[in-house]
Amino acid sequence: MTSSAITRIPTPSDEPDTALSADAVSYAGVIFTTQIPDRTDGSLELGDIRRQTEQVFHNLSETLEAAGSSLSHLLHLTIYLTDMTDREVFNEVYAACIPQPVPVRCCVGVAALAAEGMRIEITAHAAIAPSADGSSNLR
């Protein structure tokens with residue numbers, strides 16, 4: 001059974017008052033999240049597209065795990081790239097990180113992202129992974 005409550009991950013009490021976004025939100029058995037190439041210390045990975053993409057998928061994996069899901073439960077990705085010629089390298093990292101069967105995805109070229117030097121941002125939707133007894137793993 002899925003919950004109709006909206007759950008924010010981390011909870012609002014875990015976030016500083018200045019937070020502009022939760023790491024993820026779940027509703028009705030689906031997790032919604034947007035990931036940028038930020039490191040654990042809050043700084044941005046502003047290296048080449050390979051390093052930024054690896055960081056984004058690392059962040060996505062950790063966020064989904066914290067929310068009771070995983071990369072294998074991805075439903076949809078929207079990928080924002082500031083340079084569409086980065087798609088080839090992005091696809092190499094994607095193929096190494098995302099298990100089969102792959103989710104639906106869309107790649108959009110954009111003029112800029114939130115910070116100078118940021119080349120990628122990803123929005124993802126994932127199903128909450130069922131536990132062994134068939135109940136939800138929502139955290």
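The values are calculated or read from the model by the stated rules, or taken from the named source; none is laboratory data. These figures come from a predicted structure and were not determined experimentally. Calculation scope for accessible area: heavy atoms of the full protein, side chains included, ligands and nucleic acids excluded. Shrake-Rupley method; radii C 1.70, N 1.55, O 1.52, S 1.80 Å.
How much accessible area per residue does the chain have, in Å², with a 1.4 Å probe?
Numbers: 7730 Å² over 139 residues.
Roughly 56 Å² per residue, with all protein chains present.
Expressed as an acute angle from 0 to 90° and rounded to the nearest 10, what is the orientation of the C-alpha long axis of helix 87-97 relative to the principal long axis of the chain?
The angle comes out near 40 degrees.
Taking Rh as the Kirkwood radius, which is the inverse of the mean 1/r over Cα pairs, what is the Rg/Rh value for region 43-106? Kindly include the intermediate steps, with their values, before the conclusion.
Numbers: Rg = 11.8 Å, Rh = 12.4 Å.
Using only Cα positions, Rg/Rh for region 43-106 is 0.95.
From the P(r) of the chain, can you give the percent of Cα pairs sitting at distances over 26 Å?
On the way: 2290 of 9591 pairs.
Tail of the P(r) past 26 Å holds 24 percent of the pairs.
I'd like the orientation of helix 49-66 relative to the chain: the angle between its Cα long axis and the longest Cα principal axis, in ° from 0 to 90, rounded to 10.
Result, in degrees: 10.
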